[in-house]
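Structure first, commentary second.
The values are calculated or read from the model by the stated rules, or taken from the named source; none is laboratory data. Remember, predicted model here, so these are calculated numbers, not experimental data. Here the Cβ positions follow ideal geometry from the backbone for every residue, glycine too, while neighbour counts run over all protein chains shown. Remember, those area values only see protein heavy atoms, side chains included, never the ligands or the DNA or RNA. Shrake-Rupley method; radii C 1.70, N 1.55, O 1.52, S 1.80 Å.
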Amino acid sequence: MALPAAFFAVFFAWPVAAIVTRGLRTDGAWRFGRIADVVTQPGIRHVLWFTTWQALASTALTLLLALPAAYVFARLDFPGKRILRAVVTVPFVLPTVVVGSAFLALVGRGGLLDELWGVRLDTTVWAILAAHVFFNYAVVVRTVGGLWAQLDPRQEQAARMLGASAARAWRKITLPALVPAVAAAALMVFLFTFTSFGVVQILGGPTFSTLEVEIYRETSEVFDLATAAVLTLVQFAAVGAILAVHAWTVRRRETALRLVDASGTARRPRGAGQWTLLAGVLLTVALLLVLPLAVLVRRSLDAPGLGYYRALTETDGGTFLMAPLHAVWTSLEYAVAATAIAVLIGGLAAAALARRDAGRLVRGFDALLMLPLGVSAVTVGFGFLIALDKPPLDLRESWILVPLAQALVGAPFVVRTMLPVLRAVDGRLREAAAVLGASPWRVWREVDLPLVRRALLVAAGFAFAVSLGEFGATVFIARPDNPTLPVAVARLLSRPGDLNYGQAMALSTILMVVCAAALLVLERLRTDRTGEF
Amino acid sequence: MQNKTLVAVAAGLGLVALSACGTTDGKDSGAASKTVTVVSHDSWAVSKNVIKDFEKSSGYKVRVLKDGDAGQAVNKAILTKDHPQGDVLFGVDNTLLSRALDNGLFQPYEAKGLGQVDPAHQLDADKHRVTPVDYGDICVNYDKAYFSAHKLTPPQTFADLAKPAYKNLLVTENAATSSPGLGFLLGSAARFGDTGWQGYWKKLEANGVKVVDGWEQAYYQEFSGSSEGKKAGGDRPLVVSYASSPPAEVIYATKRPSTAPTGVSNGTCFRQTEFAGLLDNARNTKGGKAFIDFLLTREFQQDMPLNMFVYPVVKGAKVPAEFTEYGPAAEKPATMAPAEIAANRDQWVKAWTSLVLK
């Protein structure tokens, strides 16, 4: 508990507090009056309104499209299911620069829709919503589908035998059991879309702006730190509220249900209804998730003889001091370090949270650890710069800064994956071992570790994939001249000439393949009872 | 109880690990006198052998920290003024210069070789807090194929762009979020004045100007003249970009064309000069000074164009043939004093936003 708390305090709370203070304090006096000034500006009110309604719309749309898929993954068994599960998860860990370009290539000018029907959706809210579904589909499929697979189908069958109609049995038995998971997934999607940055920035055109985009603009372009600080506080309050509700639903879910092994609940599809559903889900996945990615791959192959890929191995003399392909290694190194930190911090936090005697304070910490997911990367990045700039913690020039920031984003996923598994470990096993004379370390090694090893690996894999794709925090933090993959993609995209554009597409494709590979390995490790992701 | 000990031990180890990070950094700074750290934006680029030559002749090792766009790099430098990240900041341009100077970012240093720099670029000539290093022009680019196919002369001036012949042809960037977008707005304000530019933009608006958020979209998606825009079916033959974009189209083509597919409307240019300065509180002032001198050497100046797509400020520095052939710098670009930009920028961008985007 102490280590995660210290980590969180030093690398999150302190930097964010420092930058907010910088914005709201001038000449030693607080200027809280600014809060009212900013919040009542019509422009800002418009931003708040847009942020909220697009998040609501995105969440509703994601649920609508992804819930059938959750059912299919939970109850149906079909060849290629593992691969499909990895495929739907790839978008979630891809950086927004990559996804933005993929969507522009699909729904933008000259995109596939444009060629076929003359439909263009860029700079409309539709493109934003579609991209949000693309990103968050996996959240619903994995959270809801994971639980659904563990619900005992015999309960519903029993109800049917007692004369209930299929609809009634579902409504009375399965639905109530699923509601908390659906609520948790919906809240996570709402959180991610409420704080959406890249998607809105790239696809929204100049007319749409979310709170997060506005914070970025005020900090990075206008340099109005006071306004940025107020907006950060507003976002903080909103995210805090979302997380509080989320923590509450998660807790409810973990208590009430009796779960079974997921491997026994799925069977081959039967009847026209199930086949149609499966086909529908496959079609949705193909159109919504695979197509944008395929467009990306196709663009990367535009040059004859894999020309864009070959160009990645050459140093062009300037933009990159090393060949762009080197970014792959940089990213992998950072991701390994970030994963190690995230697993250590997240694992310890999960262990503390899983203890039965954990008090309210500790459980509140659960929600707190999720906060980094909802706080603007530019706030954290600038905060790092002004908070961690003096010995003993002068880290601004250290490479460790990037993995540290990525670990902040990765740790919540570790906690979410580990927590349910750790809670399921029977405390009596530990007690028995202790009574028989085992040291705490030995208890952990002999009892806990074997039981949670796979969950730990899954958590590590997820943290790894998330760090690989992390863009927001990485791009703001001082680093040696060694761009990560997403940063290299962004850098290539900002220069003219089709060689640069093609290389960006090729690098994006490589990133996608690496993420997909990591996730496929995860699929092999999946336990019967993994957490939410 | 025992559990707590374990946690305490783990926490202790963590802190040791952290302070270990701290000490390695300490070692680095101990050797700082041998290293020059340069803070810059993402577009910073230089040939390897040129940097090696400097390292050999000066005895310093060069470290470069690239950080987002120019605005971000300057804002970060202001935030970290008391403990700067480096010794030299490269890449503050005239649109940001006043913000940097007003915040006391730099210490004065008169670079060797400044005598060879055109006085027009020396915007801080009295105090020498910054040294001009390069310049570039933000200009409307046109698609040559479109204009020859339609037997239409490409527009040459700001005023041309508002003419009916060029209706629905221009795409530009959001002045609030994109630096070419801002440059174009400032260019129009320099041309038509504080009172006239809004009227000009009303005309542009009526003439069907399209605004997108960033340069990438404008250039890669909407502009019909860039190779990617062509593939994407872009249908705007006029785009706000740089005077050096046509040479880049040639140099970064998969198959090098014999002539640039795009041209520059010379009367629509706004000049950006980029400066370097020795950061206040720099740890290695001596090295920083040597580096600034190096930026004005012929070797660096001549290496710059093909790396950063800008023009050298030192008189007589050779410009590569691609530049003279496909993208010569504008003869009479619009300019504006940094103080004037600083005084008006935010309010102009606000007015522009409500005029064009709402």
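Which value, in Å to one decimal place, does the Kirkwood hydrodynamic radius take for the range B:298-358 when every pair of different Cα atoms is included?
Computed over Cα pairs of the range B:298-358, the Kirkwood hydrodynamic radius comes out at 14.6 Å.
To the nearest 20 debye, what is the magnitude of the charge dipole of the protein assembly as shown about its Cα centre, counting +1 on the Cβ of each Lys and Arg and -1 on the Cβ of each Asp and Glu?
3080
Tell me the net charge near A:I215. Cut-off is 15 Å between Cβ atoms, A:I215 excluded, with +1 for each Lys or Arg and -1 for each Asp or Glu.
So the environment of A:I215 carries a net charge of -2.
Please state the charge dipole magnitude for chain A, taken about the Cα centre, from unit charges on C-beta atoms (+1 on K and R, -1 on D and E), reported in debye and rounded to the nearest 20.
That gives chain A a dipole magnitude of about 2060 debye.
Please give the average number of partner chain Cβ atoms lying within 10 Å of the Cβ of each residue in B:230-240, rounded to a whole number.
Partner Cβ neighbours, averaged per residue: 3.
Starting from the Cα of A:A517, step 7 Å along the direction of its Cβ; do the same at B:K81; then give the gap between the two resulting points in nm.
4.8
Can you pull out the buried accessible area for chains B and A, both sides counted, probe 1.4 Å, rounded to the nearest 100 Å²?
Buried surface at the B/A interface: approximately 5900 Å².
Calculate the FRET efficiency for A:A286 and A:L56 from the Cβ-Cβ distance with a Förster distance of 22 Å, rounded to the nearest 0.05.
Computed FRET efficiency for A:A286 and A:L56: 0.25.
In the range B:231-302, what trypsin sites (Lys or Arg not before Pro) fall in a loop by DSSP, with at most 14 other Cβ atoms inside 10 Å?
Here the sparse-neighbourhood loop sites are B:K255.
Report the full-extension gain for the segment A:L116 to A:A158: residue separation times 0.36 nm, less the Cα-Cα distance, to one decimal in nm.
Once the chain is fully extended between A:L116 and A:A158, it gains 10.1 nm.
Please work out the average accessible area per residue across chain B, using the 1.4 Å probe convention, and give it in Å².
Normalised by residue count, the accessible surface of chain B is 40 Å².
For the protein assembly as shown, with all protein chains present and a 1.4 Å probe, just round the carbon and sulfur fraction of the accessible area to a whole percent.
The computed percentage sits at 61.
Select from the range B:51-70 all residues whose loss of accessible area on going from the chain by itself to the full protein assembly reaches 20 Å² or more (probe 1.4 Å).
B:R63, B:V64, B:L65, B:K66, B:D67, B:D69
Starting from the Cα of B:K81, draw a straight line to each of the aspartates and glutamates and keep only those under 12 Å, dropping any in the same chain fewer than 8 residues away.
A:D389, B:D280
Please report, largest first and rounded to whole Å, the three semi-axes of the ellipsoid equivalent to chain A, where each semi-axis is the square root of five times an eigenvalue of the C-alpha gyration tensor.
35, 30, 25
Can you compute the charge dipole magnitude of the range A:328-463 about its Cα centre, using +1 on each Lys and Arg Cβ and -1 on each Asp and Glu Cβ, nothing else charged? Give it in debye, rounded to the nearest 20.
Once rounded to the nearest 20, the dipole reads 500 debye.
So if I average 1/r over every pair of distinct C-alpha atoms in the range B:91-186 and take the inverse, what Kirkwood radius in Å does that give?
Kirkwood hydrodynamic radius for the range B:91-186: 16.6 Å.
Given B:K66/B:K255; B:K52/B:K332; B:K127/B:K210; B:K76/B:K144; A:K390/B:K315; B:K286/B:K350, which pairs have Cα atoms separated by over 32 Å?
Going by Cα-Cα distance, B:K52/B:K332; B:K127/B:K210; B:K76/B:K144; A:K390/B:K315; B:K286/B:K350 fall outside the 32 Å limit.
Convex hull over the Cα atoms of chain B, averaged projected area in nm²?
About 22.9 nm², averaged over all directions.
Give me the one-decimal nm value for the distance between modelled label points at A:I83 and B:A125, 7 Å along each residue's Cα-to-Cβ direction.
7.0
Grab the Cα-Cα distance for A:V245 and A:R453, subtract it from 0.36 nm times how many residues apart they are, and report the gain in nm with one decimal.
71.9 nm
Expected output is a single nm value to one decimal: the length gained when fully extending between B:S33 and B:S258, i.e. 0.36 nm times separation in residues minus the C-alpha distance. What is it?
Length gained, B:S33 through B:S258: 76.2 nm.
For B:D53 and A:E333, what is the calculated FRET efficiency with R₀ set at 25 Å and r taken between the beta-carbons, to the nearest 0.05?
With R0 = 25 Å, the Cβ-Cβ based efficiency is 0.25.
I'd like the FRET efficiency for B:K203 and A:A167, computed as 1/(1 + (r/R0)^6) with the beta carbon distance as r and R0 of 45 Å, rounded to 0.05.
So, using R0 = 45 Å, E works out to roughly 0.10.
May I ask for the Kirkwood hydrodynamic radius of the range A:387-509, worked out over all distinct Cα pairs and given in angstroms to one decimal?
Here the Kirkwood hydrodynamic radius works out to 17.8 Å.
Report, in deg cm²/dmol and to the nearest 500, the calculated mean residue ellipticity at 222 nm for the protein assembly as shown, where each DSSP H run with n ≥ 4 adds -39500 (n - 2.57) and the sum is divided by the residue count.
Calculated mean residue ellipticity at 222 nm is -18500 deg cm²/dmol.
With a point put 7 Å past each Cα toward its Cβ, work out how far A:A438 is from A:W275 in nm, to one decimal.
Each label point is offset 7 Å from its Cα along the Cβ direction, giving 5.2 nm.
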